[in-house]
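All remarks here apply to the structure that follows.
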Amino acid sequence: FVEPKETIEDILVKVSTPEIIKPHLVSGAVSVRAGRKVISKYVNALDVEKDIIKTTTGNSVQFMVRMDEPIRSIKGLVVFKSRKPVEFSQKSSFKSFLTSFFTIEPTSAKLADEDVEGGFEVSEFDYNDLHNDGTYSAKVLAPIVVGEYDLVTKVNFEDTTIPEKEIRFAVSVNQQGFVYFTDDDKEIPVTPATVSLFWMNPTTNQYELWSGEERLQSNPQVTDYKGIYSFFPPAGSYYLEVESPYYKKYRSKNFTINEGDGVYEKVELKRSYWWFRVLMMQMLIGVALSVVLFHQFRKVTHRVMRSRSKK
């Protein structure tokens, strides 16, 4: 493989649009971007099965193709393989998880068969040359169902003597960080939940809220109706805090992140009944005050009645 000259941090800031990405493309290859503003490396994929793109459900995936020969059409297929995703840890690679480019070289191209091998097609999409510059691109969302998939690109040329080329590589789709509570053995998303990532400041030797701005992220993050979140911090020592009304505050154990890792822990929140106890206390205080006021009212009324009777 060929590493880009820039570091991951340098490219994180630079690469944000297809126009900036195009100079990195290799003619006769497919480049895939699964996520956020980073080129990690180029891979000469002699063994396609080892070139696994790891992403999360519903995440944006971008494809770009450039060929030397005139192209008639390029079609992409998403092929479902298995419900069991390729395992990777909660602190998975930042380079390959949401923010990587893979270039599949012509050595891995083959003639396409009539049928989709090893699975069934769940969706298809077309590549388009939007700028008429010979660069074809497509943008799709990763499948919602967690599992293993193949992303297949089929290239047809204007010259019909050139056989159709098929370029295939594997994708592992995993769930994002998930905040939930359990009800009747069902995992219910918690929304809104505030998820905060704290890091050990080596200067002060104290934990403090990590500033996600350096990596174009928000911290803390507030979960939506799906209860999902994710962080991609630099190397260091961290812990997570999760808070939500009517739930007990969660704090993870301290953990270490290596450069290129992400954080997407599955967090179960426990119901907190402090609000119920406060409500009950307020009700008891209200009842007590009502009794006192009623007693005082009766005393005053009794005095008035006695005063009138004497007259």
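Things worth noting here:
- In the range 36-56, residue farthest from the chain's Cα centre (by Cα) [restricted to those that are crowded, with 18+ Cβ neighbours inside 10 Å and at pLDDT 50 or above]: ASP51
- Residue that is modelled with the highest pLDDT [pool: residues in the range 159-185 that are under 23 Å from SER230 (Cβ atoms) and in a loop (DSSP other than H, G, I, E, B)]: GLN176
- Scan the range 188-219 for residues that are buried (at least 19 other Cβ atoms within 10 Å of the Cβ) and more than 14 Å from the chain's Cα centre (by Cα) and the total you get is 7.
The values are calculated or read from the model by the stated rules, or taken from the named source; none is laboratory data. Worth saying up front: this structure is predicted, and the values here are computed from it rather than measured. Cβ sites come from the backbone with ideal geometry, for glycine too, and all protein chains shown count toward neighbours.
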